[in-house]
1. Given the residues K127, K143, which is the only one that is without any contact (Cβ under 8 Å) to a residue 40 or more places away in the chain and among the charged types (D, E, K, R)?
2. When you scan the range 66-74, do you find a residue that is farther than 14 Å from L45 by Cα, modelled with pLDDT under 90 and under 23 Å from the mean Cα position of the chain (by Cα), even just one?
3. Count, please, the residues in the range 28-54 that happen to be in contact with a His (Cβ under 9 Å, 6 or more places away or on another chain) and either at pLDDT below 95 or not in a strand (DSSP E or B) (or both).
4. Does the range 101-110 contain at least one residue that is in contact with a helix residue (DSSP H, G or I) (Cβ under 6 Å, 6 or more places away or on another chain), more than 27 Å from F139 (Cα to Cα) and either β-branched (V, I, T) or surrounded by 11 or more Cβ atoms within 10 Å (Cβ to Cβ) (or both)?
5. Looking at this structure, is K143 in contact with a strand residue (DSSP E or B) (Cβ under 9 Å, 6 or more places away or on another chain), closer than 28 Å to A35 by Cβ and not hydrophobic (A, V, I, L, M, F, W, C)?
6. Of all residues being out of contact with any Asp or Glu (no Cβ under 7 Å at 6 or more places or on another chain) and of a type in the set (K, R) in the range 118-150, which is surrounded by the most Cβ atoms within 10 Å (Cβ to Cβ)? Just the residue, please.
7. What are the residues in the range 55-103 that are more than 26 Å from G123 (Cβ to Cβ), of a type outside the set (D, E, K, R), free of Cβ contacts under 8 Å to residues at least 12 places away in the same chain and not in a loop (DSSP other than H, G, I, E, B), if any?
Amino acid sequence: MISEFSRKWRVGLVAILLVLTACSEPGPNEAEIAASLHELHDETLLGLVSHLENIVSSDARRSAGGRIRVSMQYELVFDTDFADVIQIVADPGSVSETERARFSGYIGILGTVELTGMTGRYGEFEKGQRFDVARDVDFAKIKGAWIAQP
């Protein structure tokens, strides 16, 4: 009877340790955070007109669904003036074919809506203007890699 209890207790302890080990899997490292954040940024209109510098993560904690929420700070640097972007989005016939192709997904109403959101946050930005950004980003492990989620 005692040996049966002892066996069940050991099996239960091993199961708990396995669960705890699985839950303590490390989150994304600095390189994964930076690469995934750049990829997420570059998929947007904001990514077409700016780039990120000096990415620093300060805290990582588990959130719902096995995700890791990472607190980070970075500099957002504009590569293009607001006036140039509004011209491309609103009047694509006035710019080169290269610029039209680069902004093809944002010409017309979609670009106007996204640009309105950007100006609400950054104003009428100028080339070279920098903004310090602090935000939390969720990362999910997908096919073995940590990917930033929008």
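The values are calculated or read from the model by the stated rules, or taken from the named source; none is laboratory data. Remember, predicted model here, so these are calculated numbers, not experimental data. Every residue, glycine as well, gets a Cβ built from its backbone with ideal geometry; the counts of neighbours run over all protein chains shown.
1. Matching residue, one of K127, K143: K143.
2. yes
3. Residues flagged as in contact with a His (Cβ under 9 Å, 6 or more places away or on another chain) and either at pLDDT below 95 or not in a strand (DSSP E or B) (or both) within the range 28-54 amount to 4.
4. Looking for residues that are in contact with a helix residue (DSSP H, G or I) (Cβ under 6 Å, 6 or more places away or on another chain), more than 27 Å from F139 (Cα to Cα) and either β-branched (V, I, T) or surrounded by 11 or more Cβ atoms within 10 Å (Cβ to Cβ) (or both), one finds at least one in the range 101-110, hence yes.
5. no
6. Restricting to residues being out of contact with any Asp or Glu (no Cβ under 7 Å at 6 or more places or on another chain) and of a type in the set (K, R), the top hit is K141.
7. Of everything in the range 55-103, those that are more than 26 Å from G123 (Cβ to Cβ), of a type outside the set (D, E, K, R), free of Cβ contacts under 8 Å to residues at least 12 places away in the same chain and not in a loop (DSSP other than H, G, I, E, B) turn out to be A64, G93, T98, A101.
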